[in-house]
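> Below: one structure in structure tokens.
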Amino acid sequence: MLKLESLRLRDFRSISGEWEVPLDANVVLIHGANGAGKTSLLSALELAATGGISYLDRLSDDGYRRHLHHRGTKSGQITLRTSGLRERNVGSASLTEAGADCEPLLDGPLAETFVERCFLPQATLSRLFEVYAPKDARDADTPLIRFVKEVLGLDALDALIDGLHPAGDIRRIRNLSRGWQGAEDRRDALERTLRNALQVQSTAQSRADALTADLVARVGLEEPSDDSQIQTAVGDVLEARDGYDETGARLRQAALRLDAVELTLVQEQLITVDPNEPEDDSGLAAAEARFRDWSESRSRPLRQWFTSRASQGASEESDPDPQTMLRALRREIEDVEASLDEAERKRTGNAQIDERAAVVRGAVADIDREIADLADERDIASSGSAAAALASTLVGVLEHIDGESCPVCDQHFRGAGPLREHVIAKVGALNSDAARLVAMENRRSQLDSRRNALVRELEDLGIRRQQIGDVRALTSEVQARTAQLRNLRALEPIGDAGRLLTTEIARIRDVRAMAARSRKLLDRCLADLSDIAQILGVTPPRGLLAQQVAALRASAQADLEEVTSQQHRVSEVLRLQEALDATKHQLLDAAHSVAAVEADLARLDPHVAEARRRKEVASRLRRSAEELRTATTTRVFDERLNGSWARIFGALVPSEPFVPQFKPIPAGSRQVTVDIETLHRDGLEGAAPAAMLSQGNLNTAALSLFVALHFAVAAQLPWLVFDDPVQSMDDLHVSNFAAMVKQLTRRHDRQIVVAVHERDLFEYLALELTPASPGEEVIKIVLDRTYGRTVLTHDRLQYREDTALTPSPAA
């Protein structure tokens, strides 16, 4: 038999210290004041059993696990022991500041069973309807919905429905079945390929028809009977291609030669020449006669001058041409002009020197007169006294002072400052005329210096004048050079005339040479034009060269256009034939593609049709399973859950007219929905329990629903743990609850754990649940706090047979 044995806990939440709590009794009653640790004790039981605290998990995240150890401690420990379980009978949890490290007693479905149908926390009791039937529970997987599925055995149906869910929509089938998706994709691809192939075939056939029509028009057939007639006409056209190519090449060669002849004639300026016009030689004879006349008469003065120049030592030719004599004459003119310019420059320089010399001599005469006047003034100033005589003497000595040596005693002056300034200072101290004498002496020194400079300038001017030469000689040279230049320039027109005559004769001879070369070139061009006419098969034209070129070009252009037209026709026929052959190959390939795709579709279509048939069968099966599930759910809700819930609620609250129940699931619904309502005992519908029941009866309704759900299926865990279920009950309800607990323990072999806040209720339940038969036990656990520390006591109540009225055996 499955049984809770004990719970050892240390420093868990509000419970401090380490305690061993016995649980191995039919009924365990727990009492404690607010904050003493009742809820903590039951939470420790749940944590060791399942690894979590359900009502805290629903209210918050896992952060509460870091605060499960008792405040002021760093760790805690919980150990739960049971008996009768197959795999393990010990569950534990180690508590640290980092969280809870749990090895729960139960796992998987058993843990969910304990939380949902064995343990009813105080925080969940008042919210049980919200947990089981939330407002928006259409798609929610609530504990009650999971329980209903378990009660009804809907797992197989749900598995079937879930497995067949993709069959409800073709898109889900495609996503689930790769083969289906691949087959449909393959079929769609084949259909697209078939449409494309048919389109290509149609396009190729249209293009082949159009190409055939163009080809028939090009070869000149009106209504061909079959393809062989067309191919014969095409062969005839292609056979003439070589002849057209040869003729075209010959005509293009003739046109190129004609272009070359025309270009030569244009470059040599022969395009407008008449080939039959005779040559004219009269210009050269007239020019040569004029040159002979110039050489024999007009050139005599120039030749005489050139001959006389040669006799003077110049190295010249004995029989010079006009160009040579003219160059020599112009060089002589340039030399004479240079000599004349130099003589004019020298004569102008002499005049400037004479003018400057006269100015300097006048300045020297002025200085001499001023020096004489200063001498007279000095004599007058120095004849005033002996001191003046001495000053005058000293002033006279000043003229002979040169440096720091005295001219009188030949001693070196060692005083402060120069010797000259010392003497001047001494003269200034002798008499009042010293300043005048000094000023006159200074002025005389300045005049002497200026006069000496002017005298040196006169000497330089005289030297320069001697270097330039005499004025009369320079004037004579200028006159001679001017006359010579005039005579030479008179000879320059004669030389120019001879040069022009020789230039004209040379030009005429060059023209005659060029005319001879042009004639040879003209004859060669005429021969080429004759050859071109022979190539073109026409008679050589007459007239000017430009007319002959134009006539031959027109003939060549006409023939070339005709040949080009025929070549274009042949090329177009060849192009059309090649395009038609390629189109026929494309048409053949398209026909093969269409046949292959149609064969693939013929093989694939039966498989796709069979898959769709099976999809429809699965879809109908799924709908049938959903309808069966809805019918079963409705029947079980009405016959089992609602009936059990109503009986338990009526036993606990017999005076309440409104009985809570589950709403029937609508017919045809494919979902398990949980909605709770109330029903009056006379059959009238009421509102939700929260609107129709008092708070105490609402809690009792939740408690009765919890017990009904616990007994709806075979017990996997024969335990029921309640956290203060009688907190809002009156005395009658508490008495009914005690009666229900007796039934649970004595008739249904359930192990009950009940936490009670009120001491009176605790003692009342202990009295009501006192063991009444052998094997029954009740454990009373009391939690208290003394000086902030937890104090836990327990008392085990066992059955003892009453022997007070039993007669004693006879002695």
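The values are calculated or read from the model by the stated rules, or taken from the named source; none is laboratory data. The shown structure was predicted, so the numbers you read here are calculated from the model rather than taken from an experiment. In this analysis, Cβ positions are derived from the backbone assuming ideal geometry, glycine residues included, and neighbour counts consider all displayed protein chains.
> I need every pair where a residue in segment 399-425 that is under 22 Å from LEU447 (Cβ atoms) has its Cβ under 8 Å from the Cβ of a residue that is outside any loop (DSSP other than H, G, I, E, B) and among the charged types (D, E, K, R), sequence separation at least 6 or different chains.
Going by the 8 Å Cβ cut-off, the qualifying pairs are GLU399/GLU441; ILE401/ARG420.
> Continuing with this model, one more query. Quick one: is PHE762 in contact (Cβ under 8 Å) with a residue 40 or more places away in the chain, closer than 17 Å to PHE119 by Cα and surrounded by 15 or more Cβ atoms within 10 Å (Cβ to Cβ)? Don't jump to the end; show me each part of the working.
On the way: in contact (Cβ under 8 Å) with a residue 40 or more places away in the chain: yes; closer than 17 Å to PHE119 by Cα: no; surrounded by 15 or more Cβ atoms within 10 Å (Cβ to Cβ): yes.
So PHE762 fails the test.
> Something else: Name the single residue, out of those in segment 609-623 being of a type in the set (Lys, Arg) and closer than 20 Å to ARG187 by Cβ, that is modelled with the lowest pLDDT.
Per the stated criteria, the residue is LYS615.
> I'm checking my understanding of the structure. Among residues of segment 391-435 that are basic (Lys, Arg) and surrounded by 13 or more Cβ atoms within 10 Å (Cβ to Cβ), which one is modelled with the lowest pLDDT?
Of everything passing the filter in segment 391-435, LYS426 is modelled with the lowest pLDDT.
> Report those strands (runs of 3 or more DSSP E) wholly inside segment 19-131 carrying at least 1 residues which are among the acidic types (Asp, Glu). Steps first, answer last, please.
On the way: elements: 27-32, 75-83, 90-96, 99-103.
Answer list for segment 19-131: 99-103.
> Further, regarding this structure: Select from segment 67-89 the residues that are out of contact with any Ser or Thr (no Cβ under 8 Å at 6 or more places or on another chain) and of a type in the set (Lys, Arg) and write down the one among them that is farthest from GLY788 (Cα to Cα).
Ranking the candidates gives ARG86 first.
> Being modelled with pLDDT of 90 or more and in the same structural domain as MET729 (by TED's automatic domain parsing) is true for just one of PRO104, PRO109. Which residue is that?
Exactly one residue qualifies, and that residue is PRO104.
> Can you find a residue in segment 47-61 that is at pLDDT below 85, surrounded by fewer than 19 Cβ atoms within 10 Å (Cβ to Cβ), more than 21 Å from LEU128 (Cα to Cα) and not hydroxyl-bearing (Ser, Thr, Tyr)?
no
> Could I ask something else about it? For segment 582-603, give me each residue that is touching a residue at least 12 places away in the same chain (Cβ under 8 Å) and of a type in the set (Gly, Ala, Ser).
Residues satisfying the conditions are ALA590, ALA591, SER593.
> Another question about this same structure. Is it true that some residue in segment 366-373 is in contact with an Asp or Glu (Cβ under 8 Å, 6 or more places away or on another chain) and either at pLDDT below 75 or under 30 Å from VAL438 (Cβ atoms) (or both)?
Yes, some residue in segment 366-373 is in contact with an Asp or Glu (Cβ under 8 Å, 6 or more places away or on another chain) and either at pLDDT below 75 or under 30 Å from VAL438 (Cβ atoms) (or both).
> Provide a single number: the residues in segment 29-38 that are in contact with a Lys or Arg (Cβ under 8 Å, 6 or more places away or on another chain) and surrounded by 20 or more Cβ atoms within 10 Å (Cβ to Cβ).
Total satisfying the criteria: 6.
> Moving to a separate point now. Does SER728 meet the test of being surrounded by fewer than 22 Cβ atoms within 10 Å (Cβ to Cβ) and either in contact with a helix residue (DSSP H, G or I) (Cβ under 6 Å, 6 or more places away or on another chain) or in the same structural domain as LEU106 (by TED's automatic domain parsing) (or both)?
Yes: the conditions hold for SER728.
> State which residue is surrounded by the fewest Cβ atoms within 10 Å (Cβ to Cβ) when the search covers only segment 112-129 and only residues that are at pLDDT 80 or above and charged (D, E, K, R).
That would be GLU112.
> So which of VAL707, VAL659 is in a helix (DSSP H, G or I) and at pLDDT 85 or above?
Numbers: VAL659 fails: in a helix (DSSP H, G or I).
Selected residue: VAL707, the only one of VAL707, VAL659 that is in a helix (DSSP H, G or I) and at pLDDT 85 or above.
> Among the numbered conditions (1) closer than 16 Å to LEU120 by Cα; (2) modelled with pLDDT under 85; (3) crowded, with 20+ Cβ neighbours inside 10 Å, tell me where LEU693 comes up short.
For LEU693, the exception is condition (1).
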